[in-house]
Amino acid sequence: KLTGTAVHTDSEVVAVNPAEKKISVISSDTEEKKEVSYDKLVIAVGAQSMVPPVPGTNLSGVFTVRTPEDAIAIRTYAKEQNVKRAVVVGGGFIGLEVAENLMAQGISVTVMDMANQLMPNIFDVEMADYIKRRLVAGGMCIFTGTALVKIIGSNPQNSAKPRDNQEIEVTAADRVSGVDTSAGNLPAEMVILSAGIRPATTFLSDIELLMERGCIVTDECQRTNLPDIYAVGDCALVKNRITEKQQWSAMGSTANIAGRALALSLGGEETKYPGCLGTGVIKLAKNLNAARTGLTEEQAKEAGFSAISVLCIADDKAHYYPDSDIFITKLIADADTHRLLGMQVIGGGAVDKMADIAVAGISFGGKVEDFIMMDFAYAPPFSTAIHPFAAACSILVNKLSGRFDTFTPTEYVAGAAAEYKLIDVQPAPAIPGAEWLDLAKPEVFAEKHEKNEKILLVCAKGKRGYLAQNKLKALGFTNTRVLEGGATFNPIKKTFAKGKLPPEEIKRVKGLGCLQDKRYGDVFNVRVITRNGKITNEEQRAIAEAAEKFGS
């Protein structure tokens, strides 16, 4: 109405004839087929939800999420059926946003994904693992590396065939009752299928339109290989701004920005879309948000960069302000040129402002050093005097210059610190079995250790570890490392020689309710009392969660 554009709803385009510059359209009301001529054709058909090819997707209570109507249908069903338990299949942006909203409605939620981490290719594995731990601590059940086998319904016969089987007429009684997975059965009164999307381009398969895995290939001006045909949005590929290689960026932001560039080109002002960075932001739970842009560390290495990263923790605003929180920031840069390549951030506040700074810097080819002296906005309710992004860049510069020697969380998990003596540098002793270093009295520590001893310094967030490292270096220590992110980000486990636990560690483990096996020095058992000598799937999951929480 605003622009006078002719809009034809209920009209499905079923074919394109590039030679005659015509499209075939079928009206859903009259089923009449007609041909429409064009001078320029823009294909902006977007994408559609993928439905896993497993039995039971036709059951009542099984939903996909693509449109506002889908969300309304889910909310209505949950309320009318008094849903208490839901399973979300897919741990990407949409799946986790749906899970967060369902939990806010008081529903118990389990998220499962075939990948070995949440949000693969979006966040690096250590960032995804931290998010998983936080969500699990908040009450969400998460299974990664878990495949969907079938969806179980109240009527076994009707849950035996996939959604696209038209022989079955689903009735209200054919409701979902659970899902069968590679990790066992999960009870569910609602299942959300959020296992991905695919371009809605099947109707274009019979013309010579260049496509890759269903995505339309375009140039920087959204032109396809066919004359006067353009493609934009979730159905088309775009260029990555850093690698300059084509990729699929199924994001609303990418679609709108590329759409504006195409509109300008069609209006006579040829405008190239310079490329995407894969920028995204997500609300995961109350006081838990995440954002990212650019390349992950793994992607940077695959692209041929000499990738180096740092993970650091800083206040998101003045620490004394009532709603202050932290930013856990990971920066990825090229070690040779110091060019910023990517950023990931987790926090309780405005993580989008951190992502937007990185977007601007990466887009203009900024180096890590370029951000340190920038005049960012500061007031206690909004930020810190040294902006958290500038602080992260300063820490990475220290690492690049050799002033800061560290183990990344990934290196720590891989066992890089196995030969290092774990030293607790927190304000008070907090790591069971670890020696504590009083930051005010490093000389006392130095008297008890050899200067070439391998020392791993662990504090709460990283800052005290850095200060301790500087003091020990000044005292002649030559082989110290700081664990990036400290005990706030990393699950810290003190390692002991086999069979040689100290008395205080034995006491701690016994305090968790474990029974020591007197035949060994480091073996403990947990007694599980059952009603009939058998353990159900639900009980087995509870045991597994306890083992993950307390260690094995």
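The values are calculated or read from the model by the stated rules, or taken from the named source; none is laboratory data. This one's a predicted model, so the numbers in the text were calculated from it and none came from an experiment. Positions of Cβ are backbone-derived with ideal geometry, glycine not excepted, and every protein chain shown enters the neighbour counts. Only protein heavy atoms, including side chains, enter the accessible area calculation; ligands, DNA and RNA are left aside. Shrake-Rupley method; radii C 1.70, N 1.55, O 1.52, S 1.80 Å.
Some notes on this structure:
- Dipole orientation for the chain: of the candidates Gln246, Ser177, Val281, Ser177 has the Cα lying most toward the positive pole (charges on Cβ; Lys, Arg +1; Asp, Glu -1).
- Amide H contacts for Val310 (H built 1.01 Å from N in the peptide plane; partners 5 or more residues away or on another chain; cut-off under 5 Å): Leu331.
- Whichever lysines have a C-alpha closer than 17 Å to that of Lys1, once near sequence neighbours (fewer than 8 apart) are set aside: none
- Residue by residue, region 130-143 carries 3J(HN,Hα) couplings of 5, 4, 4, 4, 5, 5, 5, 4, x, x, 7, 9, 10, 10 Hz when phi is fed to the Karplus relation 6.51 cos²θ - 1.76 cosθ + 1.60 (θ = phi - 60°); x denotes Gly or Pro.
- Each of Glu539 and Glu435 was given a label point 7 Å from its Cα along the Cα-to-Cβ line. The distance between the two points is 4.6 nm.
- Shape of region 232-380, Cα gyration tensor, a/c cut at 1.5: prolate
- The residues of region 238-288 have, on average, 55 Å² of accessible surface per residue, using a 1.4 Å probe with all protein chains present.
- Straight-line reach from Lys494: taking Cα to Cα under 14 Å and skipping same-chain neighbours fewer than 8 places apart, the aspartates and glutamates in range are Glu419, Asp424, Glu435, Glu504, Glu505, Asp522.
- Residue pairs, from the table Lys239/Lys317; Lys317/Lys421; Lys301/Lys471; Lys317/Lys454; Lys245/Lys317; Lys454/Lys498, whose Cα atoms sit over 29 Å apart: Lys239/Lys317; Lys317/Lys421; Lys301/Lys471; Lys317/Lys454; Lys245/Lys317
- Between the helical axis of 93-104 and the longest alpha-carbon principal axis of the chain there is an angle of about 70 degrees.
- Placing unit charges on each Cβ (+1 for Lys and Arg, -1 for Asp and Glu) gives region 69-136 a dipole about its Cα centre, and among Gly90, Ile74, Met114 the Cα reaching farthest toward its positive end belongs to Ile74.
- Solvent exposure of region 401-527 amounts to 57 Å² per residue of accessible area, where only protein heavy atoms count and the probe is 1.4 Å.
- Of the beta bridges in the chain, as assigned by DSSP with both residues counted there, near 65 percent are antiparallel.
- On Cα atoms only, tilt of 351-363 relative to the major axis of the chain in degrees: 80 degrees
- Under the convention that each Lys and Arg Cβ holds +1 and each Asp and Glu Cβ holds -1, the size of the dipole of the chain around its Cα centre is about 2180 debye.
- Cα gyration tensor shape of the chain, rounded if a/c is under 1.5, else prolate or oblate by comparing a/b with b/c: oblate
- What you get for region 242-327, charging only the Cβ of Lys and Arg (+1) and of Asp and Glu (-1), is a dipole of about 200 debye around the Cα centre.
- When only alpha carbons are used to place a centre, region 5-75 and region 312-359 end up 40 Å from one another.
- Dipole in debye (nearest 20) - region 456-532, about Cα centre, beta carbon charges: Lys, Arg +1; Asp, Glu -1: 80 debye
- Using alpha-carbon coordinates, inclination of helix 463-474 to the longest axis of the chain, degrees: 50 degrees
- Accessible surface of the chain [probe 1.4 Å, protein heavy atoms]: carbon and sulfur percent: 52 percent
- Reported to the nearest whole Å, the Cα centre-to-centre distance from region 519-534 to region 97-138 is 31.
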